[in-house]
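First the structure, in the form of structure tokens, and then the observations on it.
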Amino acid sequence: MNIAKKMQSNTKLEMGEGELDVVVVGAGFAGLYQLHKLREKGFKVKLLEAGSDIGGIWYWNRYPGARVDSHGAIYQYSDPALWKDWAFKELYPDWQELREYFDHVDSRWDLRKDVMLDTRVTGAEFDETSRKWTIHTEGGRDFVARFFVLCTGFAAKPYIPDFKGLDSFRGEIHHTGLWPQEGLDTAGKRVAVIGMGASGVQVVQETAPEASHLTHFVRTPCLAIPMWQRTMSDADNEEMWRDMPVDMAMRFKTFGGFNYDFSPWGVFELADEDREEVFQRIWQRGGFWWWLNNFKDVIFDEKSNRAQYDFWRKKVLARIKDPRLAEIYAPKEPPHPYGVKRPSLEQNFYEVVQRDNVDVVDLKRETIECFTEKGIKTSEREYEFDVIVLATGFDGVSGGLTSLDIKGVDGRTIGEKWSDGVRTQLGMATKGFPNLFFLYGPQSPSGFCNGPTCAEAQGGVMVKILENLRAENVTRIEAQSDAEEAWRKFCLEVADMTLFPKADSWYMGANIPGKPRELLMYPAGLPAYLEACEKSIAEGLSGFQKA
Ligand SMILES: Cc1cc2nc3c(=O)[nH]c(=O)nc-3n(C[C@H](O)[C@H](O)[C@H](O)COP(=O)(O)OP(=O)(O)OC[C@H]3O[C@@H](n4cnc5c(N)ncnc54)[C@H](O)[C@@H]3O)c2cc1C
């Protein structure tokens with residue numbers, strides 16, 4: 001270690017951290033919950049965060065139109081000390097309101113004093129003698145702790161395709177997940193948006209009305225659902241507060257951690273007109289209800305899934321006049337089964353893309369050849385832009401973990417270990433990395449689960465594990481190979497019973513060249529997941545080796 005680095009790392013003692021029980025990484029819903037709960041239980045904890053403020057993805061994703069697709073009432077912590085006097089302004093809050101929410105959480109939980117902002121973790125090593133992790137950060141400061149809990153989220157690694165000539169563009173170019181904190185004025189500008197996941201839909205919708213011109217580059221359409229956004233009246237918030245205890249209790253009992261679940265019927269168990277009526281009723285609720293409160297077999301059965309797609313398409317076609325746009329955004333043949341790629345919510349997206357100042361490029365017919373000084377050259381022509389928005393997604397779920405230089409006991413990183421597929425025990429730990437846990441990561445409900453619900457459900461399991469280890473005076477815990485092979489087998493077998501493997505989605509790791517193609521989420525729903533975790537805890541942490 002060079003002298004400068006040594007001096008920097010010594011500053012940890014002057015800063016008064018001393019011996020830490022736990023270092024948590026990431027100041028989103030999951031990490032902040034860990035900090036709060038572990039401190040409450042008497043652990044000495046510090047939280048390291050790469051961003052300049054708390055809020056997790058809502059710190060980074062502040063592009064125009066960024067908002068959550070879970071309704072606000074369910075997208076918050078369950079602590080009454082927080083929700084009892086928190087009123088939402090909109091049914092689906094935007095990034096600004098969510099940042100205000102995190103300030104509110106901090107005002108009640110007093111979090112910031114133990115959060116080190118602007119502190120990006122780069123790597124770590126485990127010392128077998130002390131049974132502790134030394135954690136390295138950008139800038140050279142090191143932290144030492146017995147346990148290392150990574151709450152780095154599913155979107156820690158933005159993905160930018162390897163476009164030829166990307167650096168030659170002379171205008172503004174930004175990935176949605178790395179949007180300039182000071183904002184970006186797109187009024188009167190020529191804007192390109194590449195991509196159509198949740199971020200692509202939101203940026204197009206928000207930016208087109210003020211840009212002089214917007215070009216949307218679409219490869220696979222997102223099969224978007226109406227948000228039916230509205231402001232929250234006093235009566236709406238009163239109703240939310242009244243229902244909160246029941247709704248919060250229900251979250252852990254549903255597949256996706258919401259206050260609703262799939263219906264008990266299969267699509268073809270109902271007569272045609274009844275089925276249509278049910279579809280219509282769910283459609284009217286909008287939002288994720290259309291996805292996760294639909295017939296129970298839409299995710300498993302192709303024919304049922306097609307019925308859901310056809311209903312969706314009929315609704316969307318009624319809003320698109322131009323047949324070319326209709327075939328791009330709502331094609332006759334579904335691009336993949338409905339709902340096996342995350343459907344985003346929209347407000348007036350299908351109207352916005354028909355504006356006179358919007359062009360849509362179908363990347364299945366016209367491919368991007370390269371970026372130029374002035375814009376983008378496709379197989380057809382060169383387009384000129386002032387601003388290019390890369391709504392190209394993330395190396396989701398596992399990318400934040402696999403990109404870190406965290407060395408396991410055999411010298412391999414997590415990325416090297418998972419190069420031919422993810423292996424975990426309970427989606428929380430992986431063999432070779434003792435005393436290291438990760439939340440909202442692969443083979444856990446993560447991407448299938450409402451964020452704050454998962455932060456509390458899986459976060460509660462994490463806290464129990466650490467409390468049990470402390471009670472037993474265990475200083476080393478490591479996932480076992482046979483347990484993680486069994487967990488992997490279960491996840492992949494259940495995945496194969498669903499339609500998820502049929503889409504090239506980030507759920508399947510298929511948006512990243514070279515990434516193993518496998519379902520990255522635990523696919524049997526939150527209640528089954530929690531049952532498996534509780535079983536392991538009841539058995540004295542089966543699937544782990546303790547010492
Ligand atoms: C655009 C977008 C829309 C979303 N919409 C929804 C939605 O509608 N509903 C829903 O339930 N979920 C949604 N999500 C998922 C969202 O990730 C979760 O809701 C929730 O934010 C997860 O919280 P978390 O604490 O696990 O992770 P995050 O909120 O992602 O927080 C992780 C934190 O870790 C930090 N970090 C990462 N790596 C490092 C490092 N090496 N060193 C230091 N710090 C690091 C990051 O800076 C970040 O602050 C959305 C995600 C995105 C990106």
Cβ-Cβ under 9 Å pairs, at least 6 apart or on other chains, segment 41-64 side of a type in the set (S, T, N, Q), far side part of a loop (DSSP other than H, G, I, E, B) and more than 8 Å from the ligand (Cβ to nearest atom): Ser52/Leu117; Ser52/Asp118; Ser52/Gln181; Asn61/Trp179
Among the residues listed as Asp405, Asp395, Asp420, the single one being in contact with a strand residue (DSSP E or B) (Cβ under 9 Å, 6 or more places away or on another chain) and under 30 Å from Gly525 (Cβ atoms): Asp395
Filter result for Val474 (more than 16 Å from the ligand (Cβ to nearest atom), modelled with pLDDT of 95 or more and either crowded, with 24+ Cβ neighbours inside 10 Å or within 18 Å of the chain's Cα centre (by Cα) (or both)): no
Any chance Thr372 is over 29 Å from the mean Cα position of the chain (by Cα) and either of a type in the set (Val, Ile, Thr) or closer than 30 Å to Gly427 by Cα (or both): yes
Residues of segment 126-142 satisfying the condition of being more than 9 Å from the ligand (Cβ to nearest atom) and either under 27 Å from the mean Cα position of the chain (by Cα) or within 30 Å of Thr392 (Cα to Cα) (or both): Trp133, Ile135, His136, Gly139
Of residues in segment 243-302 being in a helix (DSSP H, G or I) and β-branched (Val, Ile, Thr), the one farthest from Gln76 (Cα to Cα): Val267
Number of positions in segment 441-484 that are assigned to a loop (DSSP other than H, G, I, E, B) and touching a Phe, Trp or Tyr at 6+ places or on another chain (Cβ under 6 Å): 4
Contacts under 9 angstrom Cβ, first residue in segment 98-122 being touching a residue at least 60 places away in the same chain (Cβ under 8 Å) and in a helix (DSSP H, G or I), partner among the small types (Gly, Ala, Ser) and surrounded by fewer than 19 Cβ atoms within 10 Å (Cβ to Cβ), 6 or more apart: Trp109/Ala81
Some residue of segment 100-119 being more than 12 Å from the ligand (Cβ to nearest atom) and more than 23 Å from Gly51 (Cβ to Cβ): no
Any hit, segment 334-347, residues being at pLDDT 95 or above, not charged (D, E, K, R) and not in a loop (DSSP other than H, G, I, E, B): yes
Any hit, segment 59-73, residues being more than 16 Å from the ligand (Cβ to nearest atom) and of a type outside the set (Gly, Ala, Ser): no
Options Asp69, Asp85, Asp53; residue that is in a loop (DSSP other than H, G, I, E, B) and modelled with pLDDT under 95: Asp85
Residues (touching a residue at least 60 places away in the same chain (Cβ under 8 Å) and either within 13 Å of Pro343 (Cβ to Cβ) or not charged (D, E, K, R) (or both)) located in segment 289-314: Trp290, Trp291, Ile299, Phe300, Asn305, Tyr309, Trp312
Condition met for Gly399 (small (Gly, Ala, Ser), more than 30 Å from Cys370 (Cα to Cα), within 16 Å of the ligand (Cβ to nearest atom) and under 19 Å from the mean Cα position of the chain (by Cα)): no
Top-ranked residue in segment 429-467 [being hydrophobic (A, V, I, L, M, F, W, C) and within 9 Å of the ligand (Cβ to nearest atom); ranked as nearest to Val68 (Cα to Cα)]: Cys449
Candidates Val115, Val105, filtered to the one that is buried (at least 19 other Cβ atoms within 10 Å of the Cβ) and over 21 Å from Val68 (Cβ atoms): Val115
Residue that is modelled with pLDDT of 95 or more and touching a His at 6+ places or on another chain (Cβ under 6 Å), where the choices are Val204, Val115: Val204
Filtered residues of segment 36-58 (kept if within 23 Å of Asn450 (Cα to Cα) and more than 12 Å from the ligand (Cβ to nearest atom)): His36, Lys37, Leu38
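The values are calculated or read from the model by the stated rules, or taken from the named source; none is laboratory data. Remember, predicted model here, so these are calculated numbers, not experimental data. Neighbour counts run over all protein chains shown; Cβ positions are idealised from the backbone, glycine included.
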